[in-house]
Every structure is written in C-alpha cells, then in structure tokens.
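Chemist: Sending over a structure as structure tokens; questions will come in a sec.
The values are calculated or read from the model by the stated rules, or taken from the named source; none is laboratory data. Since this is a predicted model, take the numbers as computed values, not measurements. Glycine also receives a Cβ, built like all others from the backbone with ideal geometry; neighbour counts cover every protein chain displayed.
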C-alpha cells in the first residue's frame with residue numbers, strides 16, 4: 001500500500017537540509033543548556049568508571065561512548081518523571097545494547113530515579129543494578145542484555161501505544177556491532193511496514209565491537225543507506241556534540257509516518273584519552289591505577305575508597 | 001479425527017469478544033495456524049510480522065510490557081528458532097505472552113523432518129517461569145487456551161493439527177491438574193497430546209489380555225501434577241509414559257525425574273527414540289516411530305515385570 005506521500009524526492013539527503021541552516025551554537029539559545037549537559041555527562045562518566053572499578057568488571061568503553069546521548073535524552077528531551085517511573089504516558093528508552101548498563105544506571109541515578117550511592121552496588125548479588133538491565137530497577141523500561149532484541153520490543157510498545165491512543169515515543173539505543181544481528185533487520189522492516197512513527201533508533205556507531213573494529217569483524221557499511229533502504233528516515237550526527245544531538249532529535253520528531261534512525265558517530269571510551277578507540281577497554285576490570293588516571297583526566301579525582309558525590 | 005487448529009482459531013475469536021486487550025501475532029502462518037479467524041473478526045488486534053519468529057517474540061514482549069494479553073502463534077518448530085528470544089525477552093520478565101503453536105510432533109507429516117517438532121517440550125520446560133501445556137484433542141485444546149488466557153504470565157501451548165476425539169465435551173480443566181480418564185489396578189499410562197487417545201486404545205487391548213491399565217491425561221507438563229503421579233505410582237508400582245516427542249527431555253523425563261526424587265518406580269517411556277522424522281502419512285509415521293497403542297501395550301508388559 002504505497003501512497004504518494006511515501007515516495008521521497010529522489011534527491012533526499014540522509015542528512016536533513018535543516019542542519020545547514022542551524023545557527024552557530026554561540027548565538028543559539030541552547031548554549032547554556034549544552035554547557036550544563038556537558039557538565040552532567042562528565043559526572044556520569046565518573047560514575048561509570050567508579051562503578052566498574054568497584055564492581056571489578058563491566059563494559060567501560062561501550063558505556064562511555066553513549067554517555068552523551070543518554071544525558072541528552074534524560075536531561076533534555078525525554079518526557080519522563082523520576083518520581084513516577086511507571087507513568088503511562090512517559091517516553092520509553094530501551095537500551096538494546098544492554099552491556100552499556102553502567103551508563104544507563106549512572107544517568108538514571110543522576111536524573112533522580114534512585115540514590116547515586118546505589119550505583120556502587122553494580123553487579124552485586126540481589127542488587128537492582130544487575131550486569132545487564134532487568135525489569136524492576138527504577139527507570140528501566142525494558143530488560144536487555146542479549147543483543148538484537150530491543151527494537152522488536154520497541155515496536156510492540158509503540159504498537160500498544162497506538163492502540164491505546166498514547167503519544168509516547170520509544171527510543172532505542174543500538175550498538176553498531178549489534179547491527180550484525182538479523183533480528184535488528186527483521187524489526188526494522190516491521191517498524192516501517194507498520195509506519196511506527198514514534199520509534200526512534202539511535203545507533204551508537206563507534207566502529208568497534210567485542211573482537212575488533214567493525215570493519216575487521218563484519219562490515220556494516222553503508223549503515224545509513226541500509227536503514228534508509230529499510231524505509232526509515234535517517235539522520236547522521238556527532239554523538240558527542242550536544243547541540244547536534246538536541247537539534248537532530250527535534251528534527252527527527254518532525255518527520256511523520258515512518259520510524260527514524262539516527263546514526264550517531266561516536267568514540268568508544270570517549271572522554272578518557274587512553275580508553276578512546278582502545279579495544280582493551282571493551283570490558284573487564286579497571287585497576288585502582290587506571291581508575292585514578294581516568295578520573296584525573298575527567299577533571300574530578302574521586303577516591304575510590306570514598307563514596308562518589310559529584311553532584 | 002478433529003482439527004485442533006480450527007478449535008484454536010475459534011477459541012481466539014470467542015475470547016477476543018470478552019478480552020479487550022487480547023492481541024494475536026503471527027509470523028506468516030495465519031492461515032495454517034487458523035489465527036486468520038481472529039484476524040478477520042478483530043483486524044485491529046491482529047498483526048502479522050512476516051517470516052520472522054525472533055521479531056514475533058520481541059514484539060509480543062513489547063505489547064505485553066504495556067499490559068496486553070498476547071498470543072504469539074506459529075508452528076512449534078519455528079517458535080523454537082526464537083527460543084532465546086522467548087527466554088530473554090519474555091520468560092525472564094515473566095511477561096503475559098502465550099506462545100501457542102500448531103503442527104507439533106510428527107503432525108506436519110507430509111512436510112518432513114524440517115517441520116516436525118520433537119524436542120520443544122524439553123527445551124521449553126527447561127526455561128524458568130515457562131509453563132507447558134500439551135492438550136489431548138480439540139476439546140481440551142479449547143479449554144486449555146481459555147485457561148491460559150485467564151492466567152497472567154508466559155505459557156507454551158503445544159497443539160498438533162488433527163487429533164482423535166478424546167472428550168465429548170468440556171470438563172473442569174485446570175492447569176497443573178492431570179485428568180484421570182481410566183482407573184486401573186496394575187499399571188498406569190501417563191500420556192499427553194495425541195498419545196492420550198493411543199493410551200486409551202492400548203488400555204482396551206490390555207484389558208482383553210487381563211491387565212487393568214489406567215490412563216492419566218497429563219496435559220500440563222509443567223508444572224507437573226506430582227500429586228496425581230505419586231498416587232498413581234503408589235497404587236500401581238509401574239508407570240508408562242507416552243508422548244509425541246523425543247523420549248529425551250519430554251513428559252517421560254519429567255515423570256521419571258519426579259518419581260526418582262519422591263518414589264522410585266519402574267518407568268517405560270514410549271516416544272520417538274532420539275531420531276528425526278520424515279515425510280509420510282500421519283498414521284504411517286506414528287507407526288514407524290513407535291507412537292502406537294501396540295508400543296504402549298509392549299511397554300506395559302515390560303514394566304509390569306519390573307513392578308515395584
């Protein structure tokens with residue numbers, strides 16, 4: 001059932017034209033907000049490192065690469081209420097790349113879903129902060145951990161919203177390595193077939209996966225064109241530039257009648273020089289020494305023996 | 001013979017009228033599974049995800065997370081393709097999804113080994129939070145589907161295509177409570193699915209030979225009705241299991257596990273002997289793979305000798 005509105009002009013760019021019309025950040029009303037988000041993201045990164053250091057294991061690199069996107073969503077764009085995690089009209093966020101759970105937990109704690117002190121219980125027995133997200137943790141909308149499953153679940157949530165006359169949006173954070181999973185593409189087809197316009201995928205495109213670079217392991221290129229070919233409206237952004245993130249999230253919502261994919265170009269391990277693009281920090285323990293060096297780089301040395309209070 | 005899948009489709013239509021939040025999902029087999037009946041009656045609450053079972057299970061999870069009662073339907077074997085999605089997207093959070101499958105066991109006889117599901121009970125009952133129901137015929141299938149739609153949480157309901165009629169009409173079906181069909185004195189046949197009807201004919205043959213065999217319809221494989229099973233083991237001292245499934249991991253295993261722990265009792269398992277099926281007539285295949293009243297009779301004679 002193709003109608004005229006579905007046919008895009010042939011010259012449609014992946015990057016929306018609006019981007020070129022943006023005012024420079026200095027003259028934008030968003031400038032103060034962007035500075036506040038940058039500061040918040042720095043705190044979230046410190047939490048992530050402290051949590052993984054204390055837990056003795058966890059995925060530092062993949063968490064650092066999505067910290068800015070999560071902060072932008074929870075502090076500037078999601079319609080949510082930390083006092084009412086089960087609010088029916090809230091926007092949902094699905095961390096399909098569930099191994100980046102420390103970044104989600106740190107952001108949720110900063111947003112007020114639970115005390116920052118609880119972050120130190122990451123991966124402890126009977127703690128709500130399991131190694132990968134489980135239902136029951138305040139602010140966690142969907143469990144995850146096994147890659148490739150989040151988008152199908154998002155489609156179900158969006159379909160339920162449509163049936164119930166709700167206007168909530170469903171954001172899904174995918175990894176680029178995760179795009180190896182066939183289920184991602186099954187779900188991509190479903191979302192465009194059913195015109196699930198409230199689904200927004202953000203691909204954390206850090207060009208690395210567990211065993212090496214995405215080019216070495218299994219090329220995803222051309223990733224933006226793949227999503228486009230599946231019927232999605234595609235945007236590309238710098239996933240560490242808050243101004244770009246915020247404006248693109250807004251632009252994406254203006255597109256009606258189809259799901260949206262934002263390819264966020266990111267750096268694995270972002271924020272700590274020796275972790276950036278370094279596969280050794282995909283997962284594992286962070287020694288005392290490494291943790292202190294990283295904290296100093298983030299401009300906020302945290303004594304790992306003390307409790308982290310950076311608010 | 002009566003079509004179990006017709007009953008499936010009819011029951012969904014019946015339940016759809018009262019359950020406003022019932023959603024039915026399908027993976028391009030709505031005609032074969034007869035969920036098309038629901039699609040015709042409630043088009044707004046029916047979604048076809050195409051040939052993608054992993055996506056089917058994930059979408060079911062998403063709808064259930066928002067409070068819907070969801071039926072995810074496909075052939076048994078293709079649901080198993082998404083076993084890990086069922087585990088991680090549905091069972092782990094105990095979501096309200098009913099995975100109702102058709103064409104289980106050898107019942108997709110003509111299509112051959114690729115389409116025959118003989119391991120599904122084993123892998124589904126090994127999953128925490130999952131409950132597993134194997135109805136004996138169309139009537140029991142209808143009752144089982146109504147029952148599971150009324151209980152929150154995940155279920156796996158395993159249907160065949162056609163099954164000989166066991167029940168004339170509805171009875172007080174209850175999940176987790178086995179149905180006694182025939183009282184015995186010497187040995188009990190604990191059966192599920194199409195093998196319930198085979199067990200009843202085996203019992204007739206045995207009676208003519210002087211063996212008083214009972215028949216217990218163990219429609220719920222998990223949670224297993226240990227009470228009824230123990231009663232039977234105490235009274236008879238010998239048990240036969242019969243199922244349209246590999247003898248590894250299914251009803252026979254569940255029964256043997258329970259008895260080993262509570263009251264070690266000689267057991268003979270009638271089922272497929274750890275091999276794949278093939279194309280052929282349904283009756284032909286049931287005979288070749290040992291799923292017949294005759295095999296049950298032989299097993300009865302073996303187990304009586306070993307009686308406790």
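Chemist: What residue, of A:62, A:23, A:16, is surrounded by 15 or more Cβ atoms within 10 Å (Cβ to Cβ) and at pLDDT below 95? Let's see the steps before the verdict.
Modeler: On the way: A:62 fails: at pLDDT below 95; A:23 fails: surrounded by 15 or more Cβ atoms within 10 Å (Cβ to Cβ).
On inspection, the qualifying residue turns out to be A:16.
Chemist: Out of the residues in the stretch B:120-130 that are touching a helix residue (DSSP H, G or I) at 6+ places or on another chain (Cβ under 7 Å) and assigned to a loop (DSSP other than H, G, I, E, B), state the one that is surrounded by the most Cβ atoms within 10 Å (Cβ to Cβ).
Modeler: It comes out as B:130.
Chemist: Given A:160, A:106, A:187, which one is more than 13 Å from chain B (Cβ to nearest Cβ) and part of a helix (DSSP H, G or I)? If you could, list the steps in order and put the result at the bottom.
Modeler: Values: A:160 fails: more than 13 Å from chain B (Cβ to nearest Cβ); A:187 fails: more than 13 Å from chain B (Cβ to nearest Cβ).
Result: A:106 is the single residue among A:160, A:106, A:187 that is more than 13 Å from chain B (Cβ to nearest Cβ) and part of a helix (DSSP H, G or I).
Chemist: While we're looking at this one, here's another question. Restricting to the stretch A:175-184, and then to whatever is surrounded by fewer than 24 Cβ atoms within 10 Å (Cβ to Cβ) and not in a helix (DSSP H, G or I), can you tell me which residue is nearest to the other protein chains (Cβ to nearest Cβ)?
Modeler: A:181
Chemist: Moving on. With A:95, A:104, A:78, A:70 as the choices, which residue is surrounded by fewer than 20 Cβ atoms within 10 Å (Cβ to Cβ) and either in contact with a strand residue (DSSP E or B) (Cβ under 8 Å, 6 or more places away or on another chain) or at pLDDT below 95 (or both)?
Modeler: Values: A:95 fails: surrounded by fewer than 20 Cβ atoms within 10 Å (Cβ to Cβ); A:104 fails: surrounded by fewer than 20 Cβ atoms within 10 Å (Cβ to Cβ); A:70 fails: surrounded by fewer than 20 Cβ atoms within 10 Å (Cβ to Cβ).
The unique qualifying residue is A:78.
Chemist: Determine which member of the set B:104, B:114, B:94 is at pLDDT 95 or above, within 14 Å of chain A (Cβ to nearest Cβ) and either within 30 Å of residue B:288 (Cβ to Cβ) or surrounded by fewer than 24 Cβ atoms within 10 Å (Cβ to Cβ) (or both). Step through it out loud before you land on a result.
Modeler: On the way: B:104 fails: within 14 Å of chain A (Cβ to nearest Cβ); B:114 fails: within 14 Å of chain A (Cβ to nearest Cβ).
Among B:104, B:114, B:94, only B:94 is at pLDDT 95 or above, within 14 Å of chain A (Cβ to nearest Cβ) and either within 30 Å of residue B:288 (Cβ to Cβ) or surrounded by fewer than 24 Cβ atoms within 10 Å (Cβ to Cβ) (or both).
Chemist: Same structure again: Here are some conditions: (1) buried (at least 24 other Cβ atoms within 10 Å of the Cβ); (2) touching a residue at least 60 places away in the same chain (Cβ under 8 Å). Residue A:55 meets all but one. Which one does it not meet?
Modeler: (1)
Chemist: Okay, next question. Going through B:281, B:271 one at a time, which residue ends up being closer than 24 Å to residue B:164 by Cα, touching a residue at least 12 places away in the same chain (Cβ under 8 Å) and in contact with a helix residue (DSSP H, G or I) (Cβ under 8 Å, 6 or more places away or on another chain)? Write out each step before concluding.
Modeler: Values: B:281 fails: in contact with a helix residue (DSSP H, G or I) (Cβ under 8 Å, 6 or more places away or on another chain).
None of the other options fit; the residue is B:271.
Chemist: Here is a follow-up. Determine whether the stretch A:250-269 contains at least one residue that is more than 23 Å from residue A:151 (Cα to Cα) and without any contact (Cβ under 8 Å) to a residue 60 or more places away in the chain.
Modeler: Looking through the stretch A:250-269, none of the residues is more than 23 Å from residue A:151 (Cα to Cα) and without any contact (Cβ under 8 Å) to a residue 60 or more places away in the chain.
Chemist: Something else now. Restrict the check to the stretch B:270-277 and report whether at least one residue is under 13 Å from residue B:199 (Cβ atoms) and in a loop (DSSP other than H, G, I, E, B). Outline the logic, then answer.
Modeler: Keep residues of the stretch B:270-277 that are under 13 Å from residue B:199 (Cβ atoms), which gives B:270-271.
So of that shortlist, the ones also in a loop (DSSP other than H, G, I, E, B) come out as none.
No, the stretch B:270-277 has no match at all.
Chemist: Follow-up. Exactly one condition in (1) away from chain B (no Cβ under 14 Å); (2) touching a helix residue (DSSP H, G or I) at 6+ places or on another chain (Cβ under 6 Å); (3) crowded, with 24+ Cβ neighbours inside 10 Å is false for residue A:207; which is it?
Modeler: Here residue A:207 meets the rest and fails (3).
Chemist: Another question, then. For residue A:165, which of the numbered conditions (1) more than 8 Å from chain B (Cβ to nearest Cβ); (2) under 30 Å from residue A:222 (Cα atoms) fails to hold?
Modeler: (2)
Chemist: Out of all the residues in the stretch A:190-199, which are at the interface with chain B (Cβ under 9 Å from one of its Cβ atoms) and either assigned to a helix (DSSP H, G or I) or without any contact (Cβ under 8 Å) to a residue 24 or more places away in the chain (or both)? Step through it out loud before you land on a result.
Modeler: Going through the stretch A:190-199, the residues at the interface with chain B (Cβ under 9 Å from one of its Cβ atoms) turn out to be A:190, A:193-194.
Listed by number, the residues that qualify are A:190, A:193.
Chemist: Same structure again: For the structure I just gave you, tell me whether residue A:97 is under 21 Å from residue B:86 (Cα atoms) and either away from every other protein chain (no Cβ under 13 Å) or in contact (Cβ under 8 Å) with a residue 24 or more places away in the chain (or both). First the steps, then the outcome.
Modeler: Numbers: under 21 Å from residue B:86 (Cα atoms): yes; either away from every other protein chain (no Cβ under 13 Å) or in contact (Cβ under 8 Å) with a residue 24 or more places away in the chain (or both): yes.
When the stated conditions are applied, residue A:97 passes them.
Chemist: Within the stretch B:249-259, is even one residue more than 19 Å from the chain's Cα centre (by Cα), exposed (fewer than 15 other Cβ atoms within 10 Å of the Cβ), without any contact (Cβ under 8 Å) to a residue 60 or more places away in the chain and more than 14 Å from residue B:199 (Cα to Cα)? Give the steps one after another, and end with the answer.
Modeler: Taking the stretch B:249-259 and keeping what is more than 19 Å from the chain's Cα centre (by Cα), we get B:259.
Filter once more, so that each one left must be exposed (fewer than 15 other Cβ atoms within 10 Å of the Cβ): none.
Checked against the condition, which is being more than 19 Å from the chain's Cα centre (by Cα), exposed (fewer than 15 other Cβ atoms within 10 Å of the Cβ), without any contact (Cβ under 8 Å) to a residue 60 or more places away in the chain and more than 14 Å from residue B:199 (Cα to Cα), the stretch B:249-259 yields no hits at all.
Chemist: Now a separate question. Looking only at the stretch B:55-83, which residues are within 7 Å of chain A (Cβ to nearest Cβ) and not in a helix (DSSP H, G or I)? Give the steps one after another, and end with the answer.
Modeler: Our first condition is that a residue be within 7 Å of chain A (Cβ to nearest Cβ); within the stretch B:55-83, this holds for B:55, B:58-63, B:65-66, B:68.
Residues satisfying the conditions are B:66, B:68.
Chemist: Taking the residues in the stretch A:120-142 that are within 14 Å of chain B (Cβ to nearest Cβ) and free of Cβ contacts under 8 Å to residues at least 12 places away in the same chain as candidates, determine which candidate is nearest to residue B:65 (Cα to Cα).
Modeler: Looking at the filtered set, the residue picked out is A:135.
Chemist: So, one more: Out of all the residues in the stretch B:26-54, which are at the interface with another protein chain (Cβ under 9 Å from one of its Cβ atoms), in contact (Cβ under 8 Å) with a residue 12 or more places away in the chain and part of a helix (DSSP H, G or I)?
Modeler: B:45, B:53, B:54
Chemist: Output the residue which, of all residues in the stretch B:131-160 that are closer than 18 Å to residue B:178 by Cα and part of a loop (DSSP other than H, G, I, E, B), is nearest to the chain's Cα centre (by Cα). Even if it seems obvious, please write down each step before you answer.
Modeler: Step one: list which residues in the stretch B:131-160 are closer than 18 Å to residue B:178 by Cα, which gives B:131-148, B:151, B:155-159.
If we keep only those that are part of a loop (DSSP other than H, G, I, E, B) as well, we get B:134-137, B:151, B:159.
Details: B:134: 2, B:135: 5, B:136: 7, B:137: 10, B:151: 17, B:159: 6 Å.
Checked the stretch B:131-160; the qualifying residue nearest to the chain's Cα centre (by Cα) is B:134.
Chemist: Can I ask one more? Could you list, in sequence order, all residues of the stretch B:180-216 that are over 27 Å from residue B:118 (Cα atoms), in a helix (DSSP H, G or I) and in contact with a strand residue (DSSP E or B) (Cβ under 8 Å, 6 or more places away or on another chain)?
Modeler: Passing the criteria: B:206, B:207.
Chemist: Among the numbered criteria (1) within 20 Å of residue A:235 (Cβ to Cβ); (2) surrounded by fewer than 24 Cβ atoms within 10 Å (Cβ to Cβ), which single criterion is violated by residue A:191?
Modeler: For residue A:191, the failing item is (2).
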